[in-house]
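S.K.: Please read through the structure below; I'll follow up with questions.
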Amino acid sequence: MKKYSVITLLLLSLFSCKTVEKQEVLNKQKPNILFIMTDDHALAAISAYKGFLSEVAPTPNIDKIANDGMRFNNMFCTNSICGPSRASILTGKYAHVNGFFKNEGGGDFDSSQQTFPKILQNNGYETAVIGKWHLGSAPTGFDYYKVLFNKEGQGSYFDPVFEVTGDSIVEETGKFSTTVIKEDAINWLKNRKDSTKPFMLMYQFKAPHRPWEPGPGYEDYLSDVTLPYPATFNDDYKGRKAAKDAWMKIDGHMNRKDVKIKPPSGLTEDELIAWNSYGNNDGEFWTPDENMTDQERKNWKYQHYVKDYLRVVKAVDDAIGEMLNHLEASGLAENTIIIYTSDQGFYLGEHGWFDKRFMYEESMHMPLLIKYPKKIKAGSVNNDLILNIDYAPTLLSLAGIEAPKDMQGKSFVPVLENRTKKPFRDAVYYHYYEYPYWHNVQPHYGIRTDRYKLIHYYYDMNEWELFDLEKDPNETTNLYDNPENKNLIGKLKIRLEELKKENKMDISMEELKKMTDIRIDRRYRVEPAN
Ligand code: CA
């Protein structure tokens, strides 16, 4: 009996120790997630993608994530503007399902709905979001948040104002947004409340969104070089009416502030705003020098705004370098999934444009680089068709949590582990609603396969475009009216209808137009209480 008692006691004590240890081991096995997102970062401005700017303006720190992990060449947003892409990332759902389909006049994000941070938080993760949020309603599902509040949630490069957990407003006077966000993110990691829990941190920069204001130390970067021009810089928009009508041409729609022209002194506040924003609308002509030819003026504006864009990117790259160093130094690197992405792409002179919105390649693409040594082979490259709605189910799956069935995206963990036998998807569906603000881009939807793209512009025009991405990767030749393509167009339209059905897009054309017309104010228009 005595022997048994000792053994039982031993077993009992071992068991209780084991239970505690088991929980700790389980927690340690759960990966940390660092989700780094910038705003409007084009693939062409990330040297890992080897685009036309990669040699002149490399991004060595962002590239490290690709070199140590996987680079995705075909990650797409489902609606190429800030808020809608972010809402789709959080919910794993298309804009017409999560309700956030426009930045302008579409109201706030319904923060009571299910998001992947909420699910992670409910499953033992400590969660935080630091930086740009831009969804109107305050973040939910986060133990801590500090998100840009001024400029209707866009935030500013200098003197940014943040909304912090518990509804307080913090003005970071005299500071630069990228620096503040970097320091806050590293400090949050250093001072976590419960470090036995795994973490999920959304580390989200304002940069490189317009108005591209370089921070201290970056003003002169690239000042002595002439940037190369993209192949479609002088596009004539032949056969593409919606492209021709858009107000995002470098020469025709860039304002004085975009290229940092110094305003005259003595203007009132309203006069200053009008002077700075002159150029936004069609027909608002201005030139820095009356002697310039049309081409010289367009080139001049391009060199100015793209250099500023690359300057704010450089600061982000350095901030990411510091974060990567911190993860290494603190021993977190091995068990942390590091994702680098942006809410959508951006035109850096392609088609003679700045901005995004269109279903064309440069704005539909999002960068996606992932490092996670436990599952991803270093230096991998993938060409599957992945969507922003796939992030939520993928991150949940990596955390060992089954994604809710109503999420429309699907986990691409099998792609990360290199165990897919056939393409992840044969085609994707895209839909853009906002019009006419800010850039007069006609609402449209479409299908993209690995080779073809079919787009329908429907709001106050009825135009179709078809591109063969293999023969015409720059999308300058609309093949829709070529009778030879009748069969192909028929097949693509059938698949497009199937995709709409699969994604619960059963809204009538009349209702879609109403979605474009609707005007619901955002919360950011209300001044903060303190
Ligand atoms: Ca954006």
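S.K.: So in region 450-472, with the set limited to residues that are under 21 Å from residue 491 (Cβ atoms) and touching a residue at least 60 places away in the same chain (Cβ under 8 Å), which one is most open to solvent (accessible area, probe 1.4 Å)?
M.R.: Looking at residues that are under 21 Å from residue 491 (Cβ atoms) and touching a residue at least 60 places away in the same chain (Cβ under 8 Å), I get 450.
S.K.: Suppose we keep only residues that are part of a loop (DSSP other than H, G, I, E, B) and β-branched (Val, Ile, Thr) within region 410-450. Which one would you say is nearest to residue 69 (Cα to Cα)? Full working, then the answer.
M.R.: Looking only at region 410-450, we keep the residues that are part of a loop (DSSP other than H, G, I, E, B), and these are 410-412, 417-426, 433-443, 450.
Checking which are β-branched (Val, Ile, Thr) leaves us with 420, 441.
Values: 420: 17, 441: 36 Å.
In this case the residue turns out to be 420.
S.K.: While we're looking at this one, here's another question. May I ask you to verify whether residue 318 is crowded, with 16+ Cβ neighbours inside 10 Å, touching a His at 6+ places or on another chain (Cβ under 7 Å) and not polar (S, T, N, Q)?
M.R.: Working: crowded, with 16+ Cβ neighbours inside 10 Å: yes; touching a His at 6+ places or on another chain (Cβ under 7 Å): no; not polar (S, T, N, Q): yes.
Considered against the rule, which asks whether it is crowded, with 16+ Cβ neighbours inside 10 Å, touching a His at 6+ places or on another chain (Cβ under 7 Å) and not polar (S, T, N, Q), residue 318 comes out as no.
S.K.: Would it be correct to say that residue 193 is surrounded by 23 or more Cβ atoms within 10 Å (Cβ to Cβ), touching a residue at least 24 places away in the same chain (Cβ under 8 Å) and away from the ligand (no atom under 16 Å from the Cβ)?
M.R.: Details: surrounded by 23 or more Cβ atoms within 10 Å (Cβ to Cβ): no; touching a residue at least 24 places away in the same chain (Cβ under 8 Å): yes; away from the ligand (no atom under 16 Å from the Cβ): yes.
No; evaluated as a whole, the condition is false for this residue.
S.K.: Tell me which residues, restricted to region 31-45, are of a type in the set (A, V, I, L, M, F, W, C), away from the ligand (no atom under 15 Å from the Cβ) and outside any strand (DSSP E or B).
M.R.: The answer is 44, and nothing else.
S.K.: Filter the strands (runs of 3 or more DSSP E) completely within region 91-173 down to those with at least 1 residues that are surrounded by 24 or more Cβ atoms within 10 Å (Cβ to Cβ).
M.R.: The qualifying strands (runs of 3 or more DSSP E) are 126-131, 144-148.
S.K.: Then there's this: Taking into account only those residues within region 247-262 that are in a helix (DSSP H, G or I) and aliphatic (A, V, I, L, M), which is nearest to residue 441 (Cα to Cα)?
M.R.: From region 247-262, those in a helix (DSSP H, G or I) are 250-253, 257-259; that's our starting set.
Those still in the list that are aliphatic (A, V, I, L, M) too: 250, 259.
Values: 250: 15, 259: 22 Å.
Only one residue fits best here, namely 250.
One line per residue, one yes/no per condition, for (1) of a type in the set (S, T, N, Q); (2) open to solvent by 50 Å² or more (accessible area, probe 1.4 Å); (3) not in a strand (DSSP E or B):
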| position | (1), (2), (3) |
| --- | --- |
| 202 | no, no, no |
| 211 | no, no, yes |
| 217 | no, yes, yes |
| 221 | no, yes, yes |
| 237 | no, no, yes |
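S.K.: Which residues, counting only those in region 180-190, are surrounded by fewer than 20 Cβ atoms within 10 Å (Cβ to Cβ) and either among the polar types (S, T, N, Q) or within 16 Å of the ligand (Cβ to nearest atom) (or both)?
M.R.: Residue satisfying the conditions is 187 alone.
S.K.: Is it the case that region 67-81 has a residue that's within 16 Å of residue 365 (Cβ to Cβ) and in a helix (DSSP H, G or I)?
M.R.: No, region 67-81 contains no residue that is within 16 Å of residue 365 (Cβ to Cβ) and in a helix (DSSP H, G or I).
S.K.: List pairs: first residue in region 340-352 and of a type in the set (A, V, I, L, M, F, W, C), second residue within 12 Å of the ligand (Cβ to nearest atom) and part of a helix (DSSP H, G or I) anywhere in the structure, Cβ distance under 9 angstrom, at least six positions apart or on different chains.
M.R.: Pairs that qualify, where the first residue is of a type in the set (A, V, I, L, M, F, W, C) and the partner is within 12 Å of the ligand (Cβ to nearest atom) and part of a helix (DSSP H, G or I), are 346/363.
S.K.: Just name the residue that is farthest from the ligand (Cβ to nearest atom) out of those in region 351-382 that are among the small types (Gly, Ala, Ser) and either under 28 Å from residue 475 (Cα atoms) or open to solvent by less than 20 Å² (accessible area, probe 1.4 Å) (or both).
M.R.: Our first condition is that a residue be among the small types (Gly, Ala, Ser); within region 351-382, this holds for 352, 363, 378-380.
Add one more test, that the residue is either under 28 Å from residue 475 (Cα atoms) or open to solvent by less than 20 Å² (accessible area, probe 1.4 Å) (or both), and what stays is 352, 363, 380.
Details: 352: 20, 363: 10, 380: 27 Å.
Ranking the candidates gives 380 first.
S.K.: Please list, ordered by first then second residue, the pairs with beta carbon atoms under 6 Å, 6 or more apart or interchain, first in region 78-93 and at pLDDT below 95, second buried (at least 24 other Cβ atoms within 10 Å of the Cβ).
M.R.: Short answer, once both residue conditions are applied: none.
S.K.: Also, I was wondering about something else. State the number of residues belonging to region 338-350 that are within 18 Å of the chain's Cα centre (by Cα) and either acidic (Asp, Glu) or more than 16 Å from the ligand (Cβ to nearest atom) (or both). Explain how you work it out, then say what you get.
M.R.: Keep residues of region 338-350 that are within 18 Å of the chain's Cα centre (by Cα), which gives 338-348.
Now drop any that are not either acidic (Asp, Glu) or more than 16 Å from the ligand (Cβ to nearest atom) (or both), which leaves 338-339, 343.
Number satisfying all stated conditions: 3.
S.K.: When the residues of region 49-65 are filtered to those that are open to solvent by less than 10 Å² (accessible area, probe 1.4 Å) and not in a loop (DSSP other than H, G, I, E, B), which remaining residue is nearest to the ligand (Cβ to nearest atom)?
M.R.: We begin by selecting, within region 49-65, every residue open to solvent by less than 10 Å² (accessible area, probe 1.4 Å); these are 53, 57, 59, 62, 65.
Right, trim to not in a loop (DSSP other than H, G, I, E, B) and you get 62, 65.
Working: 62: 17, 65: 20 Å.
By that ranking, first place goes to 62.
The values are calculated or read from the model by the stated rules, or taken from the named source; none is laboratory data. Keep in mind that this is a model prediction, so the values were computed, not measured. Glycine also receives a Cβ, built like all others from the backbone with ideal geometry; neighbour counts cover every protein chain displayed. SASA here: full protein model, heavy atoms, side chains in, ligands and nucleic acids out. Shrake-Rupley method; radii C 1.70, N 1.55, O 1.52, S 1.80 Å.
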